[in-house]
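Dropping a structure here in structure tokens format, bear with me for questions.
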Amino acid sequence: MSPVPKKVQNDELSNNRINSRKELSKNGDTTKKNTSRGRRVARVNRTRINKNNNRNTSKLIFDSDTQDNNQELPLILDRINLKIIEELIGNGDIKSSEISAKLKIPLSTIQRRRTKIEKSILKKSYHMDLSLLGYRTAQIFIDVQKGKAREVGEMILEKYDRTVIRASTRINSSNNLCLDVVYNGSDELHNLLEEIKSIPVANKVDWSEQVTVLGDNLTGIIRNTLADKLDQYHPQIPK
């Protein structure tokens, strides 16, 4: 057999190298596609998990389970959480260590549960005592005709934004619009009342001034309401 010419050998070797590169390129493209597809699937799965967690976080569950839960899980409203809520409503500035000592529950448990409670069912805010600055507060009750209570309330809020704190519609037999107002003296209140009376659809205008707050039952009402709900779902749980 005659030997293969050197040029032919070189051509075959070159073709083999080209084919090898093509195969490697194909495999690389396939790997990149699979990796990219895998990343997309992972991102989609993470998005679905996050959406589900966001939905669950807003839920409030009445349960007898007293075990602590992860932040992603919904708030479990059991007897311990009810006691913590009662303490926080009575004094929003109370320290977790004080609650722990009073309820005889480990501090770490109180801290975890308090964080969940304050991120879900309780919201803390500050209120200024305007009376310390010499201001007085009152409520104005208006009987608005022709079904324009909302329209009149929005107009008054915008026009008297330095005096009217809030406006709300009401359902009763004598008025359908209530204004919470702040004023510096009787003359200022009188002028506001006269301007409101001049509104064509304002049929009747009354007012009252708060003198002394004697107390409130908010803490007890919230405690009893939540306890009743818990009893409704789990009547067998001892109090």
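Checking Gly153 against (1) within 29 Å of the chain's Cα centre (by Cα); (2) more than 30 Å from Asn91 (Cα to Cα); (3) surrounded by fewer than 15 Cβ atoms within 10 Å (Cβ to Cβ), which test does it fail?
(3)
Restricting attention to region 71-79, does a residue exist that is surrounded by fewer than 17 Cβ atoms within 10 Å (Cβ to Cβ), on the phi < 0 side of the Ramachandran plot and in a helix (DSSP H, G or I)?
yes
Going residue by residue through region 182-198, is there one that turns out to be among the hydrophobic types (A, V, I, L, M, F, W, C), farther than 27 Å from Gly90 by Cα and without any contact (Cβ under 8 Å) to a residue 40 or more places away in the chain? I'd like the intermediate steps shown before the answer.
Keep residues of region 182-198 that are among the hydrophobic types (A, V, I, L, M, F, W, C), which gives 182, 189, 192-193, 196.
With the extra rule that they be farther than 27 Å from Gly90 by Cα, the set shrinks to 189, 192-193, 196.
Restricting the remaining residues to those that are without any contact (Cβ under 8 Å) to a residue 40 or more places away in the chain gives none.
Scanning region 182-198 turns up no residue that is among the hydrophobic types (A, V, I, L, M, F, W, C), farther than 27 Å from Gly90 by Cα and without any contact (Cβ under 8 Å) to a residue 40 or more places away in the chain.
Could you check region 100-137 and list, in sequence order, the residues that are in contact (Cβ under 8 Å) with a residue 12 or more places away in the chain and surrounded by fewer than 11 Cβ atoms within 10 Å (Cβ to Cβ)?
The answer is Lys124, Gly134.
Looking only at region 106-162, filter to residues that are among the small types (Gly, Ala, Ser) and touching a strand residue (DSSP E or B) at 6+ places or on another chain (Cβ under 7 Å); which one of those is nearest to Lys204 (Cα to Cα)?
Ala149
What are the residues in region 165-180 that are assigned to a strand (DSSP E or B) and either touching a residue at least 60 places away in the same chain (Cβ under 8 Å) or more than 26 Å from the chain's Cα centre (by Cα) (or both), if any?
Of everything in region 165-180, those that are assigned to a strand (DSSP E or B) and either touching a residue at least 60 places away in the same chain (Cβ under 8 Å) or more than 26 Å from the chain's Cα centre (by Cα) (or both) turn out to be Leu177, Cys178, Leu179.
State the number of residues belonging to region 154-183 that are at pLDDT 95 or above and small (Gly, Ala, Ser).
Result for region 154-183: 2.
Here's another thing I want to ask about it. Hey, any hits in region 129-140 for a residue that's within 18 Å of Ile199 (Cα to Cα) and either not in a strand (DSSP E or B) or not assigned by TED's automatic domain parsing to the domain that holds Ile76 (or both)?
Checked region 129-140: at least one residue is within 18 Å of Ile199 (Cα to Cα) and either not in a strand (DSSP E or B) or not assigned by TED's automatic domain parsing to the domain that holds Ile76 (or both).
Residues being closer than 19 Å to Asn91 by Cβ and either among the hydrophobic types (A, V, I, L, M, F, W, C) or not in a helix (DSSP H, G or I) (or both): count how many of those fall in region 101-127.
14
Which residues, taken from region 196-239, are surrounded by 15 or more Cβ atoms within 10 Å (Cβ to Cβ), at pLDDT 90 or above and in a helix (DSSP H, G or I)?
Across region 196-239, the qualifying residue is only Ile196.
The values are calculated or read from the model by the stated rules, or taken from the named source; none is laboratory data. Predicted model only: the values in this text are computed from it and were never measured. Positions of Cβ are backbone-derived with ideal geometry, glycine not excepted, and every protein chain shown enters the neighbour counts.
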